[in-house]
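Presented below is the structure to which this report refers.
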Amino acid sequence: MAYVAVKGGERAIDAAHAWLAEARRGDATLPELSLEQIEQQLGLAVDRVMAEGACYDRGLAALAVKQARGDLIEAAFLLRAYRTTLPRFGASLPMDTGAMRLRRRISATYKDLPGGQVLGPTFDYTHRLLDFALAAGGTPPPAPQATPDGEATPRVTGILAQEGLMAPEAPSETEPPDLTREPLSFPAERPLRLQALARGDEGFLLAMGYSTQRGYGNAHPFVGEIRMGEVAVEIAPPELGFPIEIGEITVTECQMVNQFAGSKTEPPQFTRGYGLVFGHGERKAMAMSLVDRALRARELGEEVDAPAQSEEFVLYHCDNVEATGFVEHLKLPHYVDFQSELEKVREMRATVFREAAE
Amino acid sequence: MGILARADGAAIAARLDAAPPLPAATRLRGPETGLVMARGRQGGDGAPFNLGEMTVTRCSVRDAEGRVGHAYVAGRDQRQAELAARLDAALQDPVRRPALLEAVIEPLAAAQAERAAAMAARAAATKVQFFTMQTMR
């Protein structure tokens, strides 16, 4: 009996997957999407999949987007699964985002900051009206170019730190914990939290960050600086014994500046929330920096009473691959579990009715 | 190494066509693709943290003259990694070095600088010039 059911299931699954492949391709009279087209024209989807898949490779992320039919959480899942098939060669030296080749750099705290406000390719200031010209297609005119003035672009946090108004980051070269190697444990120190947030779900972090602004957590944030561009990645392979550059990657960084009333040991000053994500992911970087700051409540001696300030709540629920696994497993067969529930509820009902009748 | 890491295999091969031939080489390791954990710093300048992994391809070769070359390049381009390792070996030869620098490395570096400059020029065009800057100060 059980055997027959398995055979039947197998055939149905094969047919379902064949249909999935057909549905993925869509109308076969239309040209098929190439990975290059996805990489180039759906670049922000590719970036999001790399960030949440925690693996930087534009080509693989584009393939995942194609295979997942544009379902970006499924695509991140595919990328995470693929990365487990690859050996780990080592870790990079910490990247210097201060030396980023900037495509975008803005500050909401200083208008005339050294190096200026560089808008880059942004949706900001667009009117969010559907552009029907895009439906017709065509090549846009080339973007204007200007001669760079070569002005240095120091970090805004550095400008505040010079005045003593910004809590400095303690210099450290401690080997950071890695949650791909050891499971999360609490209390989680900041490097572990930042790793979890960097691969966390954008939607979840956005909602959590938003909650801190609406009063769940005592946040008064300002965007000190957002920068997006290319940073060099260096490793020091043991066979060479010195650092070499292995290429560059695109990242988005957000320094969120927050008021801090001070504590028994610290004077009133600004503190920072930090966001860093693979690719061009400004919303994610901003949300991450809000949540990072909220999660620092414990170490800064602030009250911990809002969801965004709870390490366990945020870190256990921010990973969309884990979350989707646990939520979606509910649709897999639970026939035996449910049978026992069924019997239990029937028995409880019988008891209640019997007692009512007595 | 940085220049070869930023150039794809086809671009390196195209440059090598115009260069004196590389000595024959045997593979010691790879080319093989794996992962490197990319690290950032909290707050941009504090303690390191693990941002996420990236694909990296590495290759080590020994050429006919006994020189060993290593390469690690971001991405999955095995041809790039192998050519970079062979060039790493050949560039250690003081006789070959000047011609290879001239025919391969310098043109690749120039092309990369040009692309970077074009990007910087686009960014510069989006730099906000506040009209009130002089009077506000």
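Taken together, the values in this text are just the output of simple stated rules run on the coordinates, not laboratory data. Just so it is clear, the structure is predicted and the values come from calculations on it, not from any experiment. No Cβ is skipped: glycine too gets one built from the backbone with ideal geometry, and neighbour counts run over all protein chains shown.
Here are some notes:
- Restraint check, A:K284/B:K127; A:K66/A:K331; A:K111/A:K264; A:K66/B:K127, Cα-Cα greater than 28 Å: A:K111/A:K264; A:K66/B:K127
- A simple rule links phi to the HN-Hα coupling: the Karplus curve 6.51 cos²θ - 1.76 cosθ + 1.60 with θ = phi - 60°, which for the stretch A:286-300 gives 5, 4, 4, 5, 5, 6, 4, 5, 4, 6, 7, 3, 4, 5, 8 Hz, with x for Gly and Pro.
- Gyration tensor verdict on the stretch A:2-83 (Cα atoms; rounded if a/c is under 1.5, prolate if a/b is larger than b/c, oblate otherwise): oblate
- Given charges at Cβ of Lys, Arg, Asp, Glu: the stretch A:2-83 dipole, positive-most of A:Q67, A:A28, A:F77: A:F77
- Packing-based exposure ordering (other Cβ within 10 Å, fewest first) of A:K284, A:K66: A:K66, A:K284
- From phi via Karplus (6.51, -1.76, 1.60), per-residue ³J(HN,Hα) for the stretch A:160-171 in Hz, x at Gly/Pro: 5, 5, 4, 7, x, 8, 10, 4, x, 7, 5, x
- Measuring between their Cα centroids, the stretch A:236-289 and the stretch A:163-186 lie 10 Å from each other.
- Chain A: angle of helix A:2-25 to the longest principal axis, Cα-based, in degrees nearest 10: 40
- Cα-based convex hull, the stretch B:2-136, per residue volume (Å³, whole number): 172
- The per residue volume of the convex hull around the alpha-carbon atoms of the stretch A:61-203 is 230 Å³.
- Over the residues of chain A, the helix contribution to mean residue ellipticity at 222 nm works out to -13000 deg cm²/dmol, using -39500 (n - 2.57) for each DSSP H run of at least 4.
- In chain A, the longest principal axis of the Cα atoms and the axis of helix A:43-53 are about 70 degrees apart.
- Sites A:Q67 and A:R214 - FRET efficiency at Förster radius 45 Å, r taken between beta-carbons, to 0.05: 0.75
- Taking label positions 7 Å along the Cα-Cβ direction at both A:T265 and A:S172, the computed distance is 1.2 nm, reported to one decimal.
- For the stretch A:2-83, the relative contact order is 24 percent, taking Cα pairs closer than 8 Å that sit 6 or more residues apart in sequence and dividing their mean separation by the residue count.
- Computed helical MRE - 222 nm, chain B, DSSP H runs ≥ 4 contributing -39500 (n - 2.57), nearest 500: -11500 deg cm²/dmol
- Length available on full extension from A:A146 to A:Q37: 0.36 nm per residue minus the Cα-Cα distance, which gives 36.4 nm.
- A Förster radius of 45 Å combined with the Cβ-Cβ distance from A:V336 to A:R25 puts the calculated FRET efficiency at roughly 0.75.
- Taking every DSSP beta bridge that has both ends in the protein assembly as shown, the antiparallel portion is near 90%.
- At q = 0.06, 0.10, 0.12 Å⁻¹, base-10 log of I(q)/I(0) for the protein assembly as shown (Debye sum, equal scatterers on each alpha carbon): -0.36, -0.91, -1.21
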